[in-house]
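Trainee: Would you mind keeping the following structure in view while I ask a few things?
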Amino acid sequence: MNLSLANSPRPDACPLCDGTGWKPITQGNLRRVTRCDCRLHARSKSLLASARIPKRYEHCELTNFEYEGPRSGGLPARMAACRFAEEYPLDATGLLIVGDIGVGKTHLAVGMIKELIQSKGVPCLFTDYRELLKQIQNSYNASVQATELDVLRPVFETEVLVLDELGAVKPTEWVWDTVSLILNTRYNQNRTTIITTNFSNGPAHTAEAANTESTRARRAASNETLGDRIGDRMLSRLHEMCRVVELRGADFRQTMKSASFR
């Protein structure tokens, strides 16, 4: 074998590291190696694929979040999201993003985890609260291969979790128990959680309402708070896990719909 050919870099190898994954750098009189950008890029692609970001939100970035004109009320929330991504993991406190429908809560949440993945290589996972509960319920079906633990394990173990639309499912004792399990597990493991909700950040209206399932069902979604939907005990736990960020602005979906008819 021609050793010169055997030791030459592959034609498709990274020019910085010759395919080794390590690139040389010079600091003063010292030369050392560091992980090459090509490997960081490959890891980012793998983490993005594992994050389960829905196709509808794949375009979302912190840089393309609109905060001007009718959406100028979203500037403080965007600043908080950028600060979160910049300071993580030195400050690993989660965020509870509260706002009306269509103001961009999910956009910000996705933008944060994409920034963490691409700039810091942090494993993240996106999950829709409603879909997660459906998957857990389906796991009780004997014909389904996945168990409840199979569904919940990535939710428990991912370093940063987005739990989108918390409170969107009508509260029952089973729902409350499931929410408690998820939040308490992540709290006890000191993992970071980003949560979005359409419900105001307030306690249940009355103690009776918090303890009576029939009362909760009758009140449906009118004027309900997050405390009504997940219980005051879990709301208190959320306040330990997360900083509250209020996102204000016009409903982006309605704005786009109105513009399409002009």
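The values are calculated or read from the model by the stated rules, or taken from the named source; none is laboratory data. Just so you know, these numbers come straight off a predicted model, no measurement behind them. Here the Cβ is made from the backbone with ideal geometry for all residues, glycine too, and neighbour counts use every protein chain on show.
Trainee: Residue by residue through the range 68-105, note down the ones that are touching a strand residue (DSSP E or B) at 6+ places or on another chain (Cβ under 6 Å) and part of a loop (DSSP other than H, G, I, E, B).
Mentor: Ala92, Thr93, Val103
Trainee: Is it true that Ser72 is surrounded by 12 or more Cβ atoms within 10 Å (Cβ to Cβ), under 18 Å from Leu161 (Cα atoms), at pLDDT below 95 and not basic (Lys, Arg)?
Mentor: No: the conditions fail for Ser72.
Trainee: A further question follows. Do we have Ile101 as surrounded by fewer than 15 Cβ atoms within 10 Å (Cβ to Cβ) and in contact with a Lys or Arg (Cβ under 9 Å, 6 or more places away or on another chain) here? Show your work before the answer.
Mentor: Numbers: surrounded by fewer than 15 Cβ atoms within 10 Å (Cβ to Cβ): yes; in contact with a Lys or Arg (Cβ under 9 Å, 6 or more places away or on another chain): yes.
So Ile101 fits the description; yes.
Trainee: May I ask you to list the residues in the range 106-144 that are outside any loop (DSSP other than H, G, I, E, B) and surrounded by fewer than 17 Cβ atoms within 10 Å (Cβ to Cβ)? Steps first, answer last, please.
Mentor: Residues of the range 106-144 that are outside any loop (DSSP other than H, G, I, E, B), as a first pass: 106-120, 124-138.
Within the range 106-144, Ser119, Lys120, Arg130, Glu131, Lys134, Gln137, Asn138 qualify.
Trainee: Still on this model: Any residue in the range 80-106 that's assigned by TED's automatic domain parsing to the domain that holds Thr63: show its pairings with residues that are among the basic types (Lys, Arg) and buried (at least 18 other Cβ atoms within 10 Å of the Cβ) at Cβ separation under 6 Å, as long as the two are six or more apart or on different chains.
Mentor: Cβ pairs passing all conditions: Ile97/Lys105; Gly99/Lys105.
Trainee: Restricting to the range 145-156, name every residue that is in contact with a strand residue (DSSP E or B) (Cβ under 9 Å, 6 or more places away or on another chain) and either surrounded by fewer than 18 Cβ atoms within 10 Å (Cβ to Cβ) or not in a helix (DSSP H, G or I) (or both).
Mentor: Pro154 - this is the single residue of the range 145-156 that is in contact with a strand residue (DSSP E or B) (Cβ under 9 Å, 6 or more places away or on another chain) and either surrounded by fewer than 18 Cβ atoms within 10 Å (Cβ to Cβ) or not in a helix (DSSP H, G or I) (or both).
Trainee: Moving on to the next point. Is it the case that Ser8 is outside any loop (DSSP other than H, G, I, E, B) and at pLDDT below 95?
Mentor: Answer is no for this residue.
Trainee: Taking only the range 45-67 into account, find how many residues are part of a helix (DSSP H, G or I) and surrounded by 15 or more Cβ atoms within 10 Å (Cβ to Cβ).
Mentor: Of the residues in the range 45-67, 3 are part of a helix (DSSP H, G or I) and surrounded by 15 or more Cβ atoms within 10 Å (Cβ to Cβ).
Trainee: Only one of (1) part of a strand (DSSP E or B); (2) modelled with pLDDT under 95 is not met by Cys38, so which one is it?
Mentor: Every listed condition holds for Cys38 apart from (1).
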